[in-house]
Structures are given as structure tokens and as C-alpha cells.
Amino acid sequence: MKRIIGGEEDSNNSSSKSPPRTCKKVRKQTSEEAEAVVVSELPGSEWARLPQELLLHIFQYLPLLDRAYASQVCRRWNQTFHMPELWRYFEFELNQPASSYLKATHPDLIKQIIKRHSNHLQYVSLKVDSSTESAVAACDILSQLVNCSLKTLGLISTARPSFMEVPKSHFISALTVVFLNSKSLSSLKIDDTPVDDPSLKVLVANNSDTLKLLKMSSCPHVSPAGILCVADQCHGLRELALNYHLLSDELLLALSSEKHVHLEHLRIDVVSENPGQHFHTIKKTSWDAMVRHSPKFNLVMYFFLYEDEFDPFFNEESPVTHLYFGRSVSKEVLGRVGLHCPRLVELVVCANGLRPLDEELIRIAKHCTQLSAIGLGECEVSCSAFVEFVKMCGRRLSQLSIMEEVLIPDHKYSLDEIHWEVSKHLGRVWFPDMMPTW
């Protein structure tokens, strides 16, 4: 016992004579190391040991406000918050709280981003609601991006009119700032905006070697000559989306020239603003030139026409691959689709009327041998014809979205029986849809 007590006494005496080693360690620690020690003592201390690259990756998935909160946790997280790599991708959300359910980017954070990180931004989108105030605020942000060289820019309106209500001169001035300062713009999405031909010339003059994607549907101030200028100069363009009134034989021939790369996607919106509107016809020779130059390109067409406006379409062979009818389309037009669209991959018919589409579906199955997806709503097909259609297409039908009220029972199949027969030919369980899925 004495030895133990003496040992304790000796230990106490020795400890009083020399300071513990840990004290010396604390004195030598830097402020960052001391902060790490404090954080490591807290629950969930593994966060303090995360590699910088992993921490940066996590921050990239956080909404802006959460990033700002996280930057206040410790110095290391604050340093991550200000790393240039974190600000290459950014989406500004601008809306009026009284009229929108979207969460807006806080104005103070926008000022901080513009002040400290504008030269780091490379992949930017601005999402606005339908208010003019939000669109004007988006233009003000664009006007301040004088020190950055963007690679992608997207102007997204969640509802109309938005950018179309902004004074044209103000919008063009803001967009030109980006076009002049960005020398390597590869992707531009400016649907539903007042962009015009002169601004497109500025775009081409500064980014013709890098532009690969251009989406500009519903841009009423752009002429066929304006989009032709883009096609003539931007030989690397791989994806293009525009309204049908901008499509011309000259444009297709420009996209088919030897100096132009192979186009991958061409999206055309065919929209009627007023009943009885006239639409021009594209020559078959122009489409043939396009197919020869880019044999694998996808031609996606969205039709929002009245039934008497389809006369110029599908009278000759068409290279369309994806076809969407947003309004009622006649049996005659669908019959022409079955005869003249051999490359068709996807077909969606939102409405047709009360006349069954039995013959038209059989014709499509027979001639459109690449068809792999179809959606039908607000039209009628007999159960027997539908089963025959599925039998002819077979298992290549990867998507089959048919509203239950489309199918009309007949002497062969009832609604309770048809899903078994269709499932047998598809090689998987299938049921009619209760709601549209397209």
C-alpha cells in the first residue's frame, strides 16, 4: 500500500514539476488546427476530416442559401464556400414572392456573387416567373457579367410572358454583354425572348467556333435570314431548336454542307397563333440532303395546329423521328404519317375525336418499323386493332402509354382481358394508364 501511495505521490510530484506534453502541443497549434480540434470534439466530427475535394462536391449540391449557412460553420467550410470551382455552375432564381411559389435567390447573395465570383461563372441559368420585374432583374444580372466568359447560358421562363415583356433594347443590351465577353459559349437556351438578328450576328462573331447547342423557339424578332447566318458560320452546331417559320430549304442545305459537323438533334415547334394560318412546305430534296449528311440525326416535331392547317405536312416522305400532336389531329393526317414517316421512333397523339384509329395504327405498325414508343389520349381504338398493333410491333415497344378510355371493347377482347394479351406480346406486364404520362 505504501508503495502504491508513494507511487501516486511520486507521480503527482513529477507532474507538478514538468508541464504535460499536451500543453506544449496546444501552444504550437495554429488557429486552423485549434479550430479542427474543437470541431473534432463535437458530435459528427467526421465532417471536419473530409478531404477538400469531397467537401467541394457536397457544397455543389446545396441550394445557395444552405451554402451560405454552411459557410458559417467553420473557417474551412467558409474557404470552401469561396473556392472558384464552386461558382462555375450557378442558377439564379428570380421571382416575386407574392405571385410565385418558387424560392427566389436572396438579393444580398446575388450582390455578393456578382462582386466576388462573377469572373468564375461559366455555366449559368436564370430562372424567372411570369412577372416583368423578375425578367428585368435577370437582365440586370446579365449586364453585370462583364468579367466572365460563359460556356453555357440558359434563360428559363416558368410561365409567359416574362422576357417578352422586357423592353427589347434593354434585353438586347444585356444579352450583348454576354456575347461580347464570352469567347467560348457552347450552349445557349433563349426560348421565348426578344432576341433579334443583329444580336445573333454578335453571337456568331464572338462564338462561332464553340457554339454547339442553340435553342430559340418562340423568338418572334428572329428572321429566317438570322438563323441562316448562325448555321452558315457555326459549323460545330450539333443541336438546334426553333419555330417552323424559321425553317427553310436554305437552312437545311447550310446544315448539310461538307464543312458542317453532323447535326444530332433538330427540334421544330409548329405552332398556330390564329386559326387558318398558312404554313410553307419544305422540299423533299432538302430533307434528303440533311439525311445524307447526318443519317443519325433526330428530327423532333411538336404540332399545335388546327385540323385544317395540316395540308403542307406529310404529303411526301419525312425524316421525322419524334412526333407530338398537342391538339386534335385527323385520321387522314395520321394515315399520311403511317405512309411517309419510316424513321419514326416515338408518336404521341393527345386528341383525335370519336372515329376509331384502327386502320391508321395498323398502317403505322407496318411502315414505321423503328417505332418504340407511343402515347394515345382522347381518341378511340378497338381492342382487337390495338392487340394487332402491339403484336406487329412486338417487344420493340419500350413505352406504351394508352389511356384506358381510348380502348373500346369488341367481340374479341374486353377491358379485363386486353392487358393479358398485350402483356404476352410485350414480354412484360402492361396495364392501360389512368392518367397521361407523356
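The values are calculated or read from the model by the stated rules, or taken from the named source; none is laboratory data. Bear in mind that the values here come from a model prediction, so they are computed numbers and not experimental data. Don't worry about glycine lacking a Cβ; one is built from the backbone with ideal geometry, like all the others, and counts go over all protein chains shown. Heads up: the accessible areas ignore ligands, DNA and RNA and are worked out on the full protein's heavy atoms, side chains in. Shrake-Rupley method; radii C 1.70, N 1.55, O 1.52, S 1.80 Å.
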**OP:** Would you check which residues across segment 158-171 are open to solvent by 30 Å² or more (accessible area, probe 1.4 Å) and at pLDDT 90 or above and list them?
**Re:** M164, E165, P167, K168, S169, H170
Subject >> Candidate set from segment 260-310 (those that are open to solvent by 50 Å² or more (accessible area, probe 1.4 Å) and among the hydroxyl-bearing types (S, T, Y)); member that is nearest to L347 (Cα to Cα) >> reply: Y302
Original post:
Among the residues of segment 341-380 satisfying the criterion of being in a helix (DSSP H, G or I) and basic (K, R), which is surrounded by the most Cβ atoms within 10 Å (Cβ to Cβ)?
Top reply: R363
Original post:
Right, F313: part of a loop (DSSP other than H, G, I, E, B) and either surrounded by 14 or more Cβ atoms within 10 Å (Cβ to Cβ) or within 23 Å of the chain's Cα centre (by Cα) (or both) or not?
Top reply: yes
Original post:
Only one residue in E273, E264 is within 28 Å of the chain's Cα centre (by Cα), of a type in the set (D, E, K, R) and modelled with pLDDT of 95 or more, so which one is that?
Top reply: E264
Original post:
Within segment 154-174, is even one residue over 20 Å from the mean Cα position of the chain (by Cα), of a type outside the set (K, R), closer than 18 Å to R238 by Cα and in a loop (DSSP other than H, G, I, E, B)?
Top reply: no
Original post:
Is one or more of the residues making up segment 381-396 touching a residue at least 24 places away in the same chain (Cβ under 8 Å), within 23 Å of E309 (Cα to Cα) and open to solvent by less than 40 Å² (accessible area, probe 1.4 Å)?
Top reply: no
Subject >> helices (runs of 4 or more DSSP H) within segment 70-143 that include 2 or more residues of a type outside the set (S, T, N, Q) and assigned by the TED database to the domain that holds L54 >> reply: 75-81
**OP:** May I ask you to list the residues in segment 205-241 that are touching a Cys at 6+ places or on another chain (Cβ under 6 Å) and modelled with pLDDT of 95 or more?
**Re:** L211
Original post:
C350 versus (1) assigned by the TED database to the domain that holds L407; (2) more than 20 Å from Y306 (Cβ to Cβ); (3) touching a Phe, Trp or Tyr at 6+ places or on another chain (Cβ under 7 Å): which is the lone unmet condition?
Top reply: (2)
Original post:
Name the residues in segment 60-94 that are of a type in the set (F, W, Y), touching a helix residue (DSSP H, G or I) at 6+ places or on another chain (Cβ under 8 Å) and under 21 Å from T152 (Cα atoms), would you?
Top reply: W87, Y89, F90, F92
**OP:** Give the residue that is surrounded by the most Cβ atoms within 10 Å (Cβ to Cβ), with candidates limited to residues of segment 397-427 that are over 33 Å from the mean Cα position of the chain (by Cα) and charged (D, E, K, R).
**Re:** E421
